[in-house]
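Read the structure below first, then the notes.
The values are calculated or read from the model by the stated rules, or taken from the named source; none is laboratory data. Keep in mind that what you see is a predicted model, and the values were worked out from it rather than measured. Cβ: placed from backbone, ideal geometry, glycine included. Neighbour counts: every protein chain shown.
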Amino acid sequence: MTALRVSDQVVYEVIDGEAVVLDLESGRYFQLNGVATRALELIRETGDLQAVEEQLVQEYEVDRALLAADLRQLVDDLIVRGLLNGDDRPA
Amino acid sequence: MSGATYLLHGLRVRSELPLDAPSGDGDNRDITVALGRPRQVPDLGPGPGELAAVRAEGRTFSSLRACADGFVLAYPGLLEAHIDPALSSIEVRADPRGDNGLVPVVVAGGAMACVLTLAGRLVLHASAVEVAGRAVAVLGVSGAGKSVLAAAACAAGARHLSDDVLRVEAESGRVWCFPGGRSIRLRPDAAGLTRHGGLATAASSHSADGRICVAPPPSSEPRPELHAAVVARRTSAPSRLRRLEGGPATVALLSNPRLAGLSGGYLAGSHLAACAAVSRAVPVFEVSLPLEGDPVEGASALLSDLGLAM
């Protein structure tokens, strides 16, 4: 499984379903669309990428493979920016 | 302490330095402004304790740094303001090489915005007018047309609320605005506005930096409610009003703090929360301001589009 945790250096606010994510260390902020915002909230709640994927498939009528690829890309992007801490380990 | 008491951005300010602001009452005060001995204020560049700075082409326009006995807000070549840790007093030391006429402008604007920001308040880089008890904030970078739009709105019948500095407070799903100084500072190319409508009889003067200061009829509301926030942008295209939704609305507010250049995440968390609260409570728009055309007609049409008929 992939354990994920929203970084301690991050705060965010959700406005009309879209998050503005602020990196407290750099002062930079990022906007997330609705689906990415939901993903971030689920990551915070569960910390489990597979559980997040499962929940999003149920909530949005999208192809699972496509969603999984987009989700992985989002997570990688957030990790690179230091907004998310990831820990890949065997299930 | 000698001087007078003023009401600025919701603060009762006792100041030795005359300020272009409405009078406050009696001896009650939230902050005092004292005049220290003049001294040269050099451009020291980046240094330890720096919390905010605005620099361009190797020159520092303003900087704020924390020091052992509070904070120092510096405008090299013009003034240095020492702010105590409790944010209850400012000692202003003017640079003898600078233009003294600008000192009260900076104290009433930038220095008060700095104190309020350090206190965790949301202070926007915005001008504001009031129509029938409802306020419209015009945000934008320097040169975006904030003051021109506010002055044009006043020429069309709106009441003046604040120029260039706007403190707002979100509370229980509503947002309140605090009046600032008396005047709007216009660049010389906007001087023609002072001959229009509600500005024709307003007191006006020339400031030390060549601007025209006009004092339109002020809002009589002590704390009018914010009706809409408008982010102004100069353009050669026709005027266009576009509503910003969700995240972009919050980002538009976050991008226009009066105390610019805050480093890292200093105060950013509280700013994000405050901007989010404002954008949840009031609509945020982006408006293109055409370089050509009658600004008074444009302002009147904008207020009408925002549902504020005069």
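A few remarks follow.
- Number of residues in the stretch A:1-56 that are assigned to a strand (DSSP E or B), among the acidic types (Asp, Glu) and facing chain B (nearest Cβ under 9 Å) equals 3.
- Strands (runs of 3 or more DSSP E) within the stretch B:1-111 that include 2 or more residues closer than 30 Å to B:SER220 by Cβ and without any contact (Cβ under 8 Å) to a residue 40 or more places away in the chain: B:4-8, B:11-15
- Flag for B:ARG280 being among the basic types (Lys, Arg) and either assigned to a helix (DSSP H, G or I) or at pLDDT below 90 (or both): yes
- None of B:VAL33, B:VAL72 is modelled with pLDDT of 95 or more and within 23 Å of B:SER162 (Cβ to Cβ) except B:VAL33.
- Condition check for B:GLU286: under 19 Å from A:GLN31 (Cβ atoms) and within 14 Å of chain A (Cβ to nearest Cβ): no
- You will find that of A:GLU25, A:GLU13, the residue that is at pLDDT below 90 and among the charged types (D, E, K, R) is A:GLU25 and no other.
- Sole residue being more than 13 Å from chain A (Cβ to nearest Cβ) and either buried (at least 18 other Cβ atoms within 10 Å of the Cβ) or touching a helix residue (DSSP H, G or I) at 6+ places or on another chain (Cβ under 8 Å) (or both), chosen from B:SER220, B:SER300: B:SER300
- Filter result for the condition that a residue is surrounded by fewer than 20 Cβ atoms within 10 Å (Cβ to Cβ) and either among the β-branched types (Val, Ile, Thr) or within 14 Å of chain A (Cβ to nearest Cβ) (or both), over B:LEU253, B:LEU262, B:LEU241: B:LEU262
- Strands (runs of 3 or more DSSP E) fully within the stretch B:164-265 that include at least 1 residues being in contact (Cβ under 8 Å) with a residue 12 or more places away in the chain and of a type in the set (Gly, Ala, Ser): B:166-171, B:203-206, B:212-215, B:225-235.
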